[in-house]
Amino acid sequence: MARKDKLSGNEAVAIAMKQIDPDVVAAFPITPSTEIPQYFSKFVADGEVHTEFVPVESEHSAMSACIGAEAAGARTMTATSANGLALMWEMLYIAASCRLPIALAAVNRALSGPINIHNDHSDTMGARDSGWIQIYCETNQEAYDTMIQAFPIAEHKDVRLPIMVCFDGFITSHSVENIELLEDEKVKEFVGEYRPEHYLLDKDNPVSVGPLDLPPYYFEHKRQQAQAMVNAKQVILETAKKFEELTGRKYGLFEEYRMEDAEVAVVIINSTAGTAKAVVDELREKGVKAGLVKIRVFRPFPFEELGKALAGLKAVAVMDKADSFSAAGGPLFAEVRSAMFDHARDTKAVNYIYGLGGRDVRTDDIMKVYEDLLEIAETGKVKSTVNYLGVRE
């Protein structure tokens, strides 16, 4: 039977990794993801997994080792945060272009500089175009559940792309919550055996794997990579459906919270969704038709589905925990607004950049966003498209 426990997000993800029992884990410690390989290395030392654990000298080396292991035919995992992800940058693109289904626990932290170890989404948002699938998690339970779903998505024959499971540093990674863990045998059955089609150690069908691609073939390979990301959307939904049948826990491309008759809504990612839901409930008790959309899958981006979900609203606020420094708002806002162009063009859209470097975001901050939306809905006028929430101007 499934068992209940009290775990931090990092420990929950490490336990998911133990239950998956990958062939290789290569990692280098960086706050706040350090605990994941730390917990996992204990599982290795205690003989609870069959994994080859590779401690390396940097995050660039960690991803390089993961690429080598995955190319050789080994199911491979790692974890990192912020500057660690940035040091992997070159290798992220190589992993994706070589179509290697590596799983990475990305514990979101502000990307320096200035140096800051607290939470925002500048690290993974900076890697949004590297070719990795990105799934964002609100809670410890969701991080655990998504890590279990990662390999059935990434290793699917129509996908074969690396995947990031993203969750908020300290807020999710270190906070302890009640969580339900699956039985080890059910996880192994759900994830299945890894059977790569082409790999370096297949002596009967020798291949070479490398990042060099010349003009006669490069474009075609990038087009195939792009199609794999398109294919990933359906595979994510199919995997989530199977997981729901196993656990009763339902996941989609995004979550619609009290959106049935909503007139105003926020679009948000990760743990702040929990704070915003409390505000939605409070507003609903007052008769305000407020709703929320929590993005779960950011890559592939649910362009059409999200656009339709936001149609009919009077006003929507997209909340970014990262700034793209484009002078036109954050990365989530750019993509959501683009999705709205085809399906929700009449809905007024504004952007709120919040929580950078771990700045606290409370329910009264979120309430201010909804109050602004209600004013826009009433007047039809937007005073400022891009706003900074909770900053001392």
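Please tell me if Val165 is within 30 Å of Asp360 (Cα to Cα), assigned by TED's automatic domain parsing to the domain that holds His118 and of a type in the set (Val, Ile, Thr). In short, yes. Only residues that are closer than 18 Å to Val54 by Cα and either in a helix (DSSP H, G or I) or touching a strand residue (DSSP E or B) at 6+ places or on another chain (Cβ under 6 Å) (or both) were counted across region 16-29, and they come to 8. Within region 88-140, the set of residues being within 15 Å of the chain's Cα centre (by Cα) and on the phi > 0 side of the Ramachandran plot comprises just one member, Gly131.
Among the residues here, Val44 does not qualify as surrounded by 22 or more Cβ atoms within 10 Å (Cβ to Cβ) and out of contact with any helix residue (DSSP H, G or I) (no Cβ under 6 Å at 6 or more places or on another chain).
Determine, yes or no, whether Leu373 is more than 18 Å from Gly126 (Cα to Cα) and in the same structural domain as Ala265 (by TED's automatic domain parsing). Yes, satisfied.
The set of residues from region 66-95 being surrounded by fewer than 24 Cβ atoms within 10 Å (Cβ to Cβ), hydrophobic (A, V, I, L, M, F, W, C) and within 30 Å of Gly358 (Cα to Cα) comprises Ala86, Leu87, Trp89, Met91, Leu92.
Without any contact (Cβ under 8 Å) to a residue 60 or more places away in the chain and either part of a strand (DSSP E or B) or more than 25 Å from Cys66 (Cβ to Cβ) (or both): does that describe Glu260? So Glu260 fits the description; yes.
The one condition from (1) within 13 Å of the chain's Cα centre (by Cα); (2) modelled with pLDDT under 95 that Val209 does not meet is (1). Here region 356-371 is the region considered, the condition is being part of a helix (DSSP H, G or I) and touching a helix residue (DSSP H, G or I) at 6+ places or on another chain (Cβ under 7 Å), and the residue that is farthest from Thr31 (Cα to Cα) is Tyr370. For region 166-173, does any single residue satisfy the condition of being over 25 Å from Thr34 (Cβ atoms) and not aromatic (Phe, Trp, Tyr)? So far as region 166-173 goes, no, none of its residues is over 25 Å from Thr34 (Cβ atoms) and not aromatic (Phe, Trp, Tyr). So which residues in region 210-250 are aliphatic (A, V, I, L, M), more than 16 Å from Ala96 (Cα to Cα) and loosely packed, with under 12 Cβ neighbours inside 10 Å? Once the filter is applied, which keeps residues that are aliphatic (A, V, I, L, M), more than 16 Å from Ala96 (Cα to Cα) and loosely packed, with under 12 Cβ neighbours inside 10 Å, region 210-250 yields only Leu214. Exactly one residue among Ala143, Ala150 is buried (at least 22 other Cβ atoms within 10 Å of the Cβ), hydrophobic (A, V, I, L, M, F, W, C), out of contact with any helix residue (DSSP H, G or I) (no Cβ under 7 Å at 6 or more places or on another chain) and closer than 22 Å to Pro32 by Cβ, and that residue is Ala150.
The values are calculated or read from the model by the stated rules, or taken from the named source; none is laboratory data. Keep in mind that what you see is a predicted model, and the values were worked out from it rather than measured. FYI the Cβ positions are ideal-geometry reconstructions off the backbone, even for glycines, and counts take in every protein chain you see.
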